[in-house]
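Please read the structure below before turning to the comments.
The values are calculated or read from the model by the stated rules, or taken from the named source; none is laboratory data. Note that the coordinates shown come from a computational prediction; the quantities given were computed from them, not determined experimentally. Cβ coordinates were reconstructed from backbone atoms using ideal geometry, including for glycine residues, and neighbour counts include every protein chain displayed. Only protein heavy atoms, including side chains, enter the accessible area calculation; ligands, DNA and RNA are left aside. Shrake-Rupley method; radii C 1.70, N 1.55, O 1.52, S 1.80 Å.
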Amino acid sequence: MAEEPITTTTTTLVTPEKEPSSEASASTQEVLPKETEAPKSVTETDLPETATKPEEHHPPTVTQTETASTEKKELGDEEASKKEVAEEKKNMIPLNLGSFKEESSKLSDLSDSEKKSLDELKRLVRDALDNHQFGSTPKPEDAANTTTPEEVKIWGIPLLEDDRSDVVLLKFLRARDFKVKDSLAMLKNTIKWRREFKIDELVEEDLVDDLDKVVFMHGHDREGHPVCYNVYGEFQNKELYNKTFSDEEKRRNFLRTRIQFLERSIRKLDFSSGGVSTIFQVNDMKNSPGLGKKELRSATKQAVELLQDNYPEFVFKQAFINVPWWYLVFYTVIGPFMTPRSKSKLVFSGPSSSAETLFKYISPEQVPVQYGGLSVDPCDCNPDFSLEDAASEITVKPGTKQTVEIIIYEKCELVWEIRVIGWEVSYKAEFVPEEKDAYTVVIQKPRKMRPSDEPVLTHSFKVNELGKVLLTVDNPTSKKKKLVYRFNVKPL
């Protein structure tokens, strides 16, 4: 007689607005009987102390169940998986180039020596302003008065006597390992470059480009950093490439548009003590033109040098996804222009693990659909969900079936989104009424999902009686899969 499959069940109580991560729940192992007792109604005494007591309605209960796969493995599946793993190892893509933990932006967290360096830098900046060493053009009414200190701002913030000034100066100190004189020299050079490049005027210009799909901001990471996406594959478009890089003037315009984009993004950051004043950058290397494009290589090198010299400590993390083998060669070219501190912030991921790498830092509901998440382009319309609607993640092991049970305690309309990265699984949805003699309602017949199918499925179901909605994903492959889902409840 065959053994009954061992089942792992995780149950959590959630509100419709925000569902906790599946990874945060405690789990126990038990063998499920063939028939389960109908769920009892939730009462106020059943709620954990940390949960919000419902005032007018009972929220659903979510149960995640893992069993053995009932789908037949397709021939060649295991062999394809092994080839994929071997190819990734062959390319030798490193996950990261060193450990990095972002320093606190709270001034109270500074060590005594760091506070001393900050005070010393502020004193030197005061002397430089009093003696007009930053070279700014004085106001007409102050032109003849040499005793009036300079008024210098950077990213819209005065160098001194502002609640945000200390955080700005700390960036220059950290970029130069708290060497005060080196930090002051860097600050002076940055102010000079900004004046020569006319940064403040550039921010206000109405520049026209076709790069909105090449560089864009979208959502936040798990720690609140805004996320910037750089999509190099867009430059496979020859017309766009030539329009951007074909001559020196176009390359300079490209640099100006990127600096304008960065400046506007920086001015939205929080420079107060303890605020988020850094950006999480995602670099998508899929279909990137490669090393043969010398114009792109030259423009990138110039941009790296400018950013490192004039925008200290603005990158929290640099994630490179869909990384091809040749990029490691390219990295050896730009690597010498980066400090060890900058290198330690880098993370690399090959095509097969890019989504999972992003999820380590960014919640799925914040990740764009094209990168494995649930978030649609702001220009598109998704009336049922927003960036604030949290998603849950489940790892579906090879040869297993994962069932998400959403137990309903009142009449409502349930709306959900579900996806499995890369699919290659079978998916079905059904409603099982609480009443024993009632029929199961098939919402979605078992459907084999291919990698080419739509990335996200959206369903809705009006519940007119107590019961549960079952979302089942069957993974017959020899590869683990990442299941992402979320739901909202609309009372009827």
Would you mind checking the pairs K243/K286; K445/K480; K360/K479; K243/K345 and listing those with alpha carbons more than 25 angstrom apart?
K243/K345
Using only protein heavy atoms and a 1.4 Å probe, report how much of S288 is accessible, in Å² to the nearest 10.
20
Mind jotting down the distance between the C-alpha centroids of segment 144-197 and segment 397-454, whole Å?
57
Between V369 and K480, how many nm apart are label points set 7 Å from Cα along the C-beta direction?
2.8
Modelled label-to-label distance, K397 and N189, 7 Å Cα→beta-carbon offset: nm?
5.5
Hey, how many Å between the Cα centroid of segment 345-362 and the Cα centroid of segment 205-250?
20
In nm, give the distance between the simple-model label positions of K490 and K462, each being 7 Å from the Cα along the Cα-to-Cβ direction.
1.1
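Can you tell me the equivalent ellipsoid semi-axes for segment 128-272? Use √(5λ) from the Cα gyration tensor, largest first, whole Å.
The answer is 33, 21, 14 Å, longest axis first.
Quantify, in whole percent, the carbon and sulfur part of the accessible surface of segment 176-243 (1.4 Å probe; protein heavy atoms only).
Details: 1780 of 3980 Å².
Ligands and nucleic acids excluded, carbon and sulfur give 45 percent.
Could you compute the FRET efficiency for K428 and K343, with r as their C-beta to C-beta distance and R0 at 41 Å, rounded to 0.05? Before the final figure, lay out each step's value.
Working: r = 47 Å, r/R0 = 1.14.
Once the sixth-power term is evaluated, E becomes 0.30.
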Counting only protein chains, not ligands or nucleic acids, how are H220, H459 ordered by accessible area (probe 1.4 Å), most first?
H220, H459
Net lengthening on full extension, Q302/S108 (0.36 nm per residue, minus Cα-Cα):
66.2 nm
Order the following by accessible area, largest value first: W193, W325. Probe radius 1.4 Å; ligands, DNA and RNA are ignored.
W325, W193
Exposure of C412 as accessible area (Å², to 10), given a probe of 1.4 Å and all protein chains:
0
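Taking R0 as 41 Å, what's the FRET efficiency between N230 and K436 from their Cβ-Cβ distance, rounded to 0.05?
Details: r = 56 Å, r/R0 = 1.38.
Working from the Cβ atoms, E equals 0.15.
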